[in-house]
Amino acid sequence: MTVGTTPGPRLEYRFSLAEKRQLAAEIAAAYVRVRWLLWRTGSDVPRTVERLRAVEPVGDPPGGEEADRAGLRLGRAVARGLSRLPFDSRCLMRSLVLLSLLARRGIHSTLVIAVRPGPTFESHAWVERDSVPLLHRGHPDLRRILEV
């Protein structure tokens, strides 16, 4: 399976069935936690991000290229996993779920929120690691308004 529809290196990796199940469960649990935190903080995104990052990493955090690969794989898994669910899985939810998974692994990332003002207003959110988007970045004309 080829992983990585986002810009950057194409990575080859196959998840075992057990890994897929475990990751699906982790994504679902992260989704529930993100929903609860957004409700609890009154949809305050910076506070929600702060709480998502306030976790003790599981195991030794990967570094460098290994962290980059993990970020891309997790980004793809979150996008695919949440797109199949019958409830809200828009860009902000996907981004916060991915940020949560990365924080659990001790991988630093940045949530980016951007807008395109004008008659066809558009907003979009994604996660980056070292300026590399781990989720779809959106239209190139978007202007960043928040990086957390």
Given the options 98, 72, name the one that is in a helix (DSSP H, G or I), crowded, with 18+ Cβ neighbours inside 10 Å, on the phi < 0 side of the Ramachandran plot and touching a residue at least 60 places away in the same chain (Cβ under 8 Å). 72
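Select from the range 22-49 the residues that are in a helix (DSSP H, G or I), free of Cβ contacts under 8 Å to residues at least 60 places away in the same chain, surrounded by fewer than 17 Cβ atoms within 10 Å (Cβ to Cβ) and not small (Gly, Ala, Ser) and list them in ascending order.
Residues of the range 22-49 that are in a helix (DSSP H, G or I), as a first pass: 22-40, 45-49.
The next check asks that each one be free of Cβ contacts under 8 Å to residues at least 60 places away in the same chain; those that pass are 22-25, 28-29, 32, 35-40, 47-48.
Next cut, surrounded by fewer than 17 Cβ atoms within 10 Å (Cβ to Cβ) only: 22, 24-25, 28-29, 32, 35-36, 39-40, 47.
22, 32, 35, 36, 39, 40, 47, listed by residue number.
Being in contact (Cβ under 8 Å) with a residue 12 or more places away in the chain, farther than 21 Å from residue 144 by Cβ and either in contact with a His (Cβ under 9 Å, 6 or more places away or on another chain) or not in a helix (DSSP H, G or I) (or both) is the requirement here; does residue 67 meet it? Show your work before the answer.
Numbers: in contact (Cβ under 8 Å) with a residue 12 or more places away in the chain: yes; farther than 21 Å from residue 144 by Cβ: yes; either in contact with a His (Cβ under 9 Å, 6 or more places away or on another chain) or not in a helix (DSSP H, G or I) (or both): yes.
The answer is yes for residue 67.
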Among the candidates 52, 82, 72, residue that is at pLDDT 95 or above and not hydroxyl-bearing (Ser, Thr, Tyr): 52
Residue 135: touching a helix residue (DSSP H, G or I) at 6+ places or on another chain (Cβ under 6 Å), over 19 Å from residue 59 (Cα atoms) and not in a strand (DSSP E or B), yes or no? yes
Where residues in the range 105-132 are buried (at least 18 other Cβ atoms within 10 Å of the Cβ) and touching a residue at least 60 places away in the same chain (Cβ under 8 Å), which of them is nearest to residue 58 (Cα to Cα)? 129
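The values are calculated or read from the model by the stated rules, or taken from the named source; none is laboratory data. Just so we're clear, the structure is a prediction, and the values are computed from it rather than from any experiment. Here Cβ is always computed from backbone atoms with ideal geometry, including for glycine, and neighbour counts include all displayed protein chains.
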